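Beneath this line is the structure, given in structure tokens, with notes to follow.
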Amino acid sequence: MALKPAALRVALDHAYDLAATRAAAHVARDPVRFAHAWALKSDADAEIAGVFAAQLAFGRVDLFGPVLERLFAEMAAVGGPRAWVERCADGRVGGGDPLVYRWFGRADFLALGVALGRLYRAEGLPAAFVTMEAGISRLGSLAPYEAAGAFFPTWFARPSSGSACKRWCMYVRWMVRREAPDLGLWRHLDPADLVMPVDTHVLRIAQLTGLTDRKAANWKTAVEITSRLRAFSPGDPVRYDFALAHLGISAGCTGVASPACDACAMKPVCRVHAPAPRRRRAG
Ligand code: SF4
């Protein structure tokens, strides 16, 4: 479907406004809530909590959410995420109750804790993230891979590898954007330079509305969607991410006509509801 800029802008802004009115309910189902909770203690606690919350944010929120609750309860028992990663770096965090989500387990969480503890003893997350590529690379360079599982290295996939880096894009969005639901802790990065976190929800809606025709959720697709959104919001192209993602996470968009479409702001530009092309008369 051809991109219709004026109609698309109206639909995106409508979706953004609707998501703002439903922000409390959406945040309750969104991993950003963990960063919010720890921001009450300190920026460093929120930054570290955000890394864990973002890295586990795949699949169903009702499955990864309880694992994060248990992990953060362990951290709270020793003073919070910052204190916990310090202990990891000192080798003072070991076994405990099972802590497993999909193909990641306790050894992976501890190894990430070690990397973060080492990073905070050096320069900290904000200083490492002069760019997203640099930040992921620096954190990965401090990780004890030998202590973790086979899938642990996937947490450090970088844009230069071609990965969409959805979880890191989302994390940096939380840290950099100044508007709710994001925290705006990192003022050294410009929201204008952020890249859309492209997960299955965002990719599906981008395809349905002509923001991309690309099939794969990779870095090229993320950059293309971002550059098209930049035309509508040059200073903050990822402002639409929360709204579009929650059309899938909270509103139940599955990419086919359903009751979710009735209240969907994107319906006027969604290919599912485009009029069928007229047939030419024979003769
Ligand atoms: S109109 Fe329906 S299919 Fe299209 S984006 Fe909205 S909920 Fe999804």
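The values are calculated or read from the model by the stated rules, or taken from the named source; none is laboratory data. Here the structure is a predicted model, which is why all the values come from computation and not from measurement. Don't worry about glycine lacking a Cβ; one is built from the backbone with ideal geometry, like all the others, and counts go over all protein chains shown.
Values for this structure:
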quantity	calculated
Helices (runs of 4 or more DSSP H) (entirely within the stretch 88-175) containing at least 1 residues that are touching a residue at least 24 places away in the same chain (Cβ under 8 Å) and under 24 Å from residue 242 (Cβ atoms)	125-128, 132-141
Test for residue 210: is it surrounded by fewer than 17 Cβ atoms within 10 Å (Cβ to Cβ) and within 12 Å of the ligand (Cβ to nearest atom)	no
Candidates 126, 144, filtered to the one that is surrounded by fewer than 19 Cβ atoms within 10 Å (Cβ to Cβ) and touching a His at 6+ places or on another chain (Cβ under 9 Å)	126
Residues (in a helix (DSSP H, G or I) and touching a residue at least 40 places away in the same chain (Cβ under 8 Å)) located in the stretch 228-239	228, 229, 237, 238, 239
Residues (in contact with a Ser or Thr (Cβ under 8 Å, 6 or more places away or on another chain) and either of a type in the set (A, V, I, L, M, F, W, C) or part of a loop (DSSP other than H, G, I, E, B) (or both)) located in the stretch 24-45	25, 29
Answer residue from the stretch 189-209, given it is in a loop (DSSP other than H, G, I, E, B) and modelled with pLDDT of 95 or more and is nearest to residue 7 (Cα to Cα) among those	209
Any hit, the stretch 100-108, residues being hydrophobic (A, V, I, L, M, F, W, C), in the same structural domain as residue 69 (by TED's automatic domain parsing) and closer than 30 Å to residue 193 by Cβ	yes
Conditions (1) within 14 Å of the ligand (Cβ to nearest atom); (2) in contact (Cβ under 8 Å) with a residue 60 or more places away in the chain; (3) under 15 Å from residue 16 (Cα atoms); number of the one not met by residue 271	(3)
Residue check for residue 63: loosely packed, with under 13 Cβ neighbours inside 10 Å and not in a loop (DSSP other than H, G, I, E, B)	yes
Members of the stretch 40-60 found to be surrounded by fewer than 19 Cβ atoms within 10 Å (Cβ to Cβ) and not polar (S, T, N, Q), listed by number	40, 41, 43, 58, 59, 60
Set 238, 172, 198: member being closer than 18 Å to residue 17 by Cα and under 14 Å from the mean Cα position of the chain (by Cα)	238
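Table: residues versus (1) free of Cβ contacts under 8 Å to residues at least 24 places away in the same chain; (2) touching a helix residue (DSSP H, G or I) at 6+ places or on another chain (Cβ under 6 Å); (3) more than 15 Å from the ligand (Cβ to nearest atom).
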residue	(1), (2), (3)
200	no, no, no
226	no, yes, yes
241	no, no, no
260	yes, no, no
